[in-house]
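For reference, the structure is listed below as C-alpha cells.
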Amino acid sequence: MYLRKSLACLTFCTCYLASYLTNKYVLSVLKFTYPTLFQGWQTFLGGLLLHVSWKLGWVEINSASRANVSTWLPASLLFVGIIYAGSRALSRLKTSPVKICSALFLMTAAGFLSFNDPQFDPDGYFWAIIHLFCVGAYKTLQKSQKPSALSDLDQQYLNYIFSAGVLAFAAHPTGDLPNVLDFPFLNFYRFHGSCCASGVLGFVLVVSTVKLRSLMAPAQCAAWIFFSKVITAAVSILLFDVILTSATVGCLLLGALGEALLVFSEWKIS
C-alpha cells in the first residue's frame, strides 16, 4: 500500500508540474492565444483517451442515466468557463492565486498583486476573475450534488465530451479558427509536440488525481496538491520571463499562506 501511495503521489506531482508548464509554454511563450482550439484539442484528446481506457478496462466509467447526465450539464458548462477563462488568463499572467481565512488571504494577495504587477495586463486579470468565479461555482455545484451517482471519472468524461463540442462550435464565431492560419509556429515541431504533450499530460493528471483521492484522506490530498502548486510556481518563475518586485513576492507569499491555511483546515476537519 505504501508503494502504491508513493507512486500515486510521484505521478500526480510530476504530471501537475509538467502539465501546467507545458500549457504555459504554449500559451505565453509560443503565444498560441486561440483558447477554443487549444482547449478544444485538449478536451477532445482527453475524452478520447478516457474512452479508450474505459473500453480497455483500465478505468471504470459507469453508464449513467439521462437524469444524472442532465443534472451534471450545468457543471460541465462551468467547466468550459474554467478552462476557457483559465487559458485566457494563463496566456497573459505569470501566476493565478488559487474556509474563510484562507479565502481572505488569497483574495487579498490577488487584489494587491493586480496593483503591484509590473507586467499588469487588465485583460489577463479579467479572465482570471472569470476563471475563479467558474471554479467557485463549479465546486459549489459539485458539492451540492454529493452523494452523486456520477463518479469523478464519470463527471470528467461528461466534461470532456461537452467541452469539446461547445469549443468546436465556438471556434469560428470567436475568430480563433480563421485567425489560427496566421500563427507563426503553426508548422513547427515544438508547437505540435507541446500540444500533444499537453493533451496527454492533462489526461494522465486527471486519472492520477482520481487515484490519489482514492488512496488518501482529503487532508493528505490537499497537502500534496499544495506541494505541487508551490513547486510549479517556483519552477515557473525560473523558466519563464517574470519581473519580480518586493511587492509581487509579498503577494505570492501571501497567496501561499492562504493555500497553506486551506490545507490546515482540512487537517483539522479530518
On the given criteria, is Lys55 open to solvent by 60 Å² or more (accessible area, probe 1.4 Å) and closer than 21 Å to Gly175 by Cα? no
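Conditions (1) open to solvent by less than 40 Å² (accessible area, probe 1.4 Å); (2) closer than 21 Å to Val207 by Cβ; (3) modelled with pLDDT of 85 or more; (4) assigned to a helix (DSSP H, G or I), marked per residue:
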position: Gln155; (1), (2), (3), (4): yes, yes, yes, yes
position: Ile161; (1), (2), (3), (4): no, yes, yes, yes
position: Leu177; (1), (2), (3), (4): no, no, yes, yes
position: Val180; (1), (2), (3), (4): yes, no, yes, yes
position: Phe185; (1), (2), (3), (4): no, no, yes, no
position: Arg190; (1), (2), (3), (4): no, no, yes, yes
If I ask for residues that are assigned to a helix (DSSP H, G or I) and either touching a Phe, Trp or Tyr at 6+ places or on another chain (Cβ under 8 Å) or open to solvent by less than 40 Å² (accessible area, probe 1.4 Å) (or both), which ones from segment 141-153 would you list? Leu153
Residues that are in a helix (DSSP H, G or I) and under 14 Å from Val207 (Cβ atoms), drawn from segment 19-63: Ser19, Leu45, Gly46, Gly47, Leu48, Leu49, Leu50, His51, Val52, Ser53, Trp54
If you scan segment 1-23, which residues turn out to be open to solvent by 20 Å² or more (accessible area, probe 1.4 Å) and under 16 Å from Gly193 (Cα atoms)? Ala18, Tyr20, Leu21, Thr22, Asn23
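The values are calculated or read from the model by the stated rules, or taken from the named source; none is laboratory data. Predicted model, so just to flag it, every value in this text is computed and none were measured. Glycine gets a Cβ as well: all are built from the backbone with ideal geometry, and neighbour counts include every protein chain shown. SASA here: full protein model, heavy atoms, side chains in, ligands and nucleic acids out. Shrake-Rupley method; radii C 1.70, N 1.55, O 1.52, S 1.80 Å.
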